[in-house]
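The values are calculated or read from the model by the stated rules, or taken from the named source; none is laboratory data. Values in this document were obtained by computation on a predicted structure and should not be read as measured data. Please note: Cβ atoms are built from the backbone with ideal geometry, for glycine as well, and neighbour counts cover all protein chains shown.
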Amino acid sequence: MEFTKRILITGGAGFIGSHLVRLFVNKYPNYLIVNFDKLTYAGNLENLSDVDQKSNYRFFKGDICSPEDIQKAFEEYEISDVIHLAAESHVDRSISGPMEFVKTNVIGTVNLLERARGAWSEGEHVFHHVSTDEVYGSLGETGLFEESTAYDPRSPYSASKASSDHFVNAYFHTYGLPVKLSNCSNNYGSHHFPEKLIPLMIHNIQNNQPLPVYGKGENIRDWLWVVDHARAIDTIFHEGRLGESYNVGGLNEWTNIELVRFLCRLMDEKLGREKGESEKLITFVKDRAGHDMRYAIDASKIEKELGWKPSVTFEEGLSKTVDWYLNNQGWLEKVTSGAYQEYYQKMYS
Ligand code: NAD
Ligand code: DAU
């Protein structure tokens, strides 16, 4: 079959990447989808077991820190487009070990940009960089992050993502590389590694373990269902303007403590527990260093220009998410055995 696009999706074995790969493989049988992933602790090919036999899917085990790996994948599959998600993604890990974030998120991104610049001298191409709202810093009680908000990253993770965004924009202005950027708020959904708030709480509620809420639990995040983020990337990749950034968010702000309480109520119902039983597990622990207070996205640009908006309410999305974890115990057991235990002890003991 002659494929009309040959897209390299980096980080396709991770949380968001696997949802994006699934969407593209199923929706675009005329595109070749190459999942380029190093398979770090966060990458898991089981996330793609429902699509990995499709004829338009390939897996390439590679490291974006290696220009040779990238070149090999570009040549082997004649890559026409890139959607770049591969990254070190967890803020707490960036606090205990920032250098890995510089290597993967900054140098890895520049390696990819360099290869795309070298390979794409003619024809139509897109380099879509998937980034985060954390590059904008921290909000007070009011206001929203807009695309024009000045960058003010405050954690090693967000500093590395901000730096990668700057490089992507620099390649557009300097070399005319056809780039697009998206900056999204907190995602939740199935296949989410249980180091992040929602899957960690689901796992601990189920196992009657303490629910570690940082500080007073007053920090605010804007939550979006991961499938809606994948839909937004699809829309921007196909219809967004070159050289532009698009903010993606759920208009769905929660303090951490209210969110954890909501999850407890939902899981009490699903697990047939007494009302209020799971809430007793809530434990306030030492705050995250430099903990950003509030993130909130103004997503009016993508809504007005490209017609995207979230497809589910938080209640629906969270209920589906909890059901997925309860029905996929094997997945959770596998990812929480071994190295996860060591990480958990270091973080929370
Ligand atoms: P994740 O940690 O679940 O997955 C990251 C993936 O990248 C893994 O499959 C991992 O194996 C791969 N990877 C890591 N280092 C690599 C390397 N050197 N070479 C090749 N592959 C490598 O991350 P996620 O939560 O799915 O996030 C994906 C992207 O979306 C990231 O760029 C992140 O900054 C961004 N983002 C995440 C969120 C969120 O809420 N999770 C929100 C906005 C933006
Ligand atoms: O905003 C987008 C970002 O969202 C992404 O770019 C990041 O990759 C992603 O990890 C996420 O970052 P956060 O730091 O907001 O997500 P996390 O799930 O780690 O934490 C959410 C909130 O919950 C945050 O205020 C810290 C708090 N928290 C987290 C954990 C893991 C707790 O109170 N207890 C915990 O155990």
In the range 2-58, how many residues are surrounded by fewer than 24 Cβ atoms within 10 Å (Cβ to Cβ), under 18 Å from the mean Cα position of the chain (by Cα) and among the charged types (D, E, K, R)? 3
Expected single match for of a type in the set (S, T, N, Q), away from ligand 2 (no atom under 16 Å from the Cβ) and modelled with pLDDT of 95 or more among Ser245, Ser300 is Ser300
From the options Asp234, Asp228, residue that is buried (at least 19 other Cβ atoms within 10 Å of the Cβ), at pLDDT 95 or above and under 26 Å from Lys309 (Cβ atoms): Asp228
Filter the strands (runs of 3 or more DSSP E) completely within the range 147-242 down to those with at least 2 residues that are of a type in the set (S, T, N, Q). 179-184, 186-188
Counting only residues that are under 13 Å from the mean Cα position of the chain (by Cα) and in contact (Cβ under 8 Å) with a residue 60 or more places away in the chain, how many does the range 85-130 have? 8
Odd one out for Thr4 among (1) touching a Phe, Trp or Tyr at 6+ places or on another chain (Cβ under 6 Å); (2) free of Cβ contacts under 8 Å to residues at least 40 places away in the same chain: (1)
With (1) in contact with a helix residue (DSSP H, G or I) (Cβ under 8 Å, 6 or more places away or on another chain); (2) within 13 Å of ligand 1 (Cβ to nearest atom); (3) aromatic (Phe, Trp, Tyr) as the list, and Tyr136 as the residue in question, which single condition is left unmet? (1)
So, in the range 256-285, how many residues would count as being surrounded by 14 or more Cβ atoms within 10 Å (Cβ to Cβ), in a loop (DSSP other than H, G, I, E, B) and out of contact with any helix residue (DSSP H, G or I) (no Cβ under 9 Å at 6 or more places or on another chain)? 0
Is the range 211-219 home to any residue that is at pLDDT 95 or above and away from ligand 2 (no atom under 14 Å from the Cβ)? no
Residues that are of a type in the set (Gly, Ala, Ser), out of contact with any helix residue (DSSP H, G or I) (no Cβ under 6 Å at 6 or more places or on another chain) and crowded, with 17+ Cβ neighbours inside 10 Å, drawn from the range 99-133: Gly108, Ala116
Within the range 3-10, identify whether any single residue is farther than 23 Å from Ile236 by Cβ, at pLDDT 95 or above and within 15 Å of ligand 1 (Cβ to nearest atom), and answer yes or no. no
Is at least one residue of the range 269-287 closer than 28 Å to Gly217 by Cα and modelled with pLDDT under 95? no
